[in-house]
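For reference, the structure I am asking about is given below.
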Amino acid sequence: MQPPTPQEQIARMLTGYWVTQALYVAAKLRVPDRLAPGPRTAEELAAASDAQPRPLYRLLRALASLGVFTEDEQHRFALTPLGNCLRSDVPGSQWAMAISDGEEHYRAYGELLHSVRTGQPGFNKLHGMGIFDYLSQHPEQARIFDETMVGVHGRETAAMLEAYAFAGIRVLADIGGGNGSTLIGILRHYPALRGILFDLPGVAERAHVNVAAAGLADRCDVQGGSFFESVPAGADAYMMRHIIHDWDEERCLRILRNVHHALPADGRLLVVESVLPPGNEPSFGKLLDLTMLVIPGGEERTREEYEALFRAAGFCITRVVPTRAEVCVIEGKKA
């Protein structure tokens, strides 16, 4: 088989949104969940999904050609390992990501030109408000957002625990800790560690339920508030995973300076983010950077850019610990 020509490669890139939307519709109709018990025809799936049999067949046929499903001689469709990832009830599920990427993210990316021209988030132009204000007003989308973050970044927790030793920390504050999944993983790994989870009040309510369900309520204090105003005292290490990349430099400095105020003299700052490699080296973070531009208005950064950001907030980087995932643990201390 001949390798694709440059024109063919570009054509595949240009039609990438075809696949995004096809996966989204299959996930939205819960097709992977409906196939979990075994193969079914498009007619059977359509009856259960409020869809038309022939269009649904065409959708499933297209995705089968990409290895998401398989079709047998009786025109029954079955799951493959790829399709199984789109079930909503499996570890590492990508169902929520398929919904987010097919709805809010997809529409926001339609405003990428606006973002490049103005430097402003396309999401704000589309909805008249920022992503986090939008989520506070749309509980169902907020729930899916939480699940999306677990699906996208969930494997980073194990990779982070392999690469970075939290030993020696008595109390770890997870600033912007979301639904608590990251801190729960760390607390389970380090039974002597105590935690503080801090996020917006509505987010903290959801996290409190998860922390209690994990049996960690006695070791984890869940607090609500805004990290633009202050962060809780009482921890000897402050961690932020995928928080700094959400914001522009002014707001990043506000967050970091609030952490600086709360951090003891010998404490640790742990920023867990993609660290962009130089030059033309491929990096998921370089594409994620466009999502930061279009949706929250933040950015991914190089090591040099993190050094400058830390310095402006009164910190210095002590080391950057890579992981087998797409993130590094950027460790800092007070300068």
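The values are calculated or read from the model by the stated rules, or taken from the named source; none is laboratory data. Keep in mind that what you see is a predicted model, and the values were worked out from it rather than measured. Here Cβ is always computed from backbone atoms with ideal geometry, including for glycine, and neighbour counts include all displayed protein chains. In case anyone asks, the SASA skips ligands and DNA or RNA and just uses the protein heavy atoms, side chains included. Shrake-Rupley method; radii C 1.70, N 1.55, O 1.52, S 1.80 Å.
If the chain between Thr20 and Val320 were fully stretched, how many nm would it gain, using 0.36 nm times the residue separation less the Cα-Cα distance?
Length difference between fully extended and current span is 104.6 nm.
Follow-up. Taking the DSSP beta bridges in the chain as the whole, what percent of them are antiparallel, to the nearest 5?
Beta bridges within the chain, antiparallel portion: roughly 45 percent.
Which lysines have a Cα lying under 30 Å from the Cα of Lys334, excluding residues fewer than 8 positions away in the same chain?
Cα-Cα hits under 30 Å: Lys286.
Taking 30 Å as R0, compute the FRET efficiency from the Cβ-Cβ separation of Glu73 and Ala11 and round it to 0.05.
Efficiency at R0 = 30 Å is approximately 0.45.
Let me ask something else about it. Please compute the net charge surrounding Ala325, taking Lys and Arg as +1 and Asp and Glu as -1 over other residues with Cβ under 14 Å from its Cβ.
Local charge sum for Ala325: -1.
Got a number for carbon plus sulfur as a percent of the chain's accessible area, 1.4 Å probe?
Its accessible area is 55 percent carbon and sulfur atoms.
How much area per residue is accessible in region 132-242 when the probe is 1.4 Å and only protein heavy atoms are counted (Å²)?
For region 132-242, the per-residue accessible area is 43 Å².
Send over the semi-axes of region 193-299's equivalent ellipsoid, whole angstrom and largest first, taken as the square roots of 5 times the C-alpha gyration tensor eigenvalues.
Taking √(5λ) for each eigenvalue gives 27, 17, 14 Å, largest first.
While we're looking at this one, here's another question. If you add up the charges near Arg170, with Lys and Arg at +1 and Asp and Glu at -1, over every other residue whose beta carbon is less than 12 angstrom from its beta carbon, what do you get?
With Lys, Arg at +1 and Asp, Glu at -1, the net is +1.
Still on this structure, please answer the following. Per residue of region 170-186, what does 6.51 cos²θ - 1.76 cosθ + 1.60 with θ = phi - 60° give for ³J(HN,Hα)? Whole Hz please, x for Gly and Pro, Karplus curve as stated.
Those phi angles translate into 8, 10, 10, 9, 9, 8, x, x, x, 7, x, 4, 5, 5, 4, x, 5 Hz.
Can you give me the Kirkwood hydrodynamic radius for region 102-146, using every pair of distinct Cα atoms, in Å to one decimal?
10.8
Here's another thing I want to ask about it. Taking 35 Å as R0, compute the FRET efficiency from the Cβ-Cβ separation of Glu205 and Arg170 and round it to 0.05.
The pair Glu205/Arg170 has a calculated efficiency of 0.85.
Right, another one. With Cβ to Cβ distances under 13 Å as the rule, what net charge do the other residues near Ser226 carry (K, R +1; D, E -1)?
-1
Measuring with a 1.4 Å probe in the full set of protein chains, what accessible area per residue, in whole Å², belongs to region 27-109?
Computed with neighbouring chains in place, this is 52 Å² per residue.
With no solvent and one equal point scatterer per Cα, compute the Debye intensity ratio I(q)/I(0) for region 241-296 at 0.12, 0.31 Å⁻¹ and report its log10, rounded to two decimals.
-0.37, -1.27
Moving on to the next point. Counting C-alpha atoms alone, how compact is region 96-210: give Rg to one decimal and Dmax as a whole number, in angstrom.
In order Rg, Dmax, the Cα atoms of region 96-210 give 16.7, 50 Å.
I've got another one for you. Between region 66-118 and region 287-322, what is the separation of their alpha carbon centroids in Å?
Result: 28 Å between the Cα centres.
Need one number: nm distance between label points at Ala308 and Thr118, each 7 Å from Cα along Cα→Cβ, rounded to one decimal.
Distance between the two pseudo-spin positions: 2.5 nm.
Then there is this: Using only DSSP helix segments of four residues or longer, with each worth -39500 (n - 2.57), what per-residue ellipticity at 222 nm results for the chain after dividing by its residue count and rounding to 500?
-14500 deg cm²/dmol
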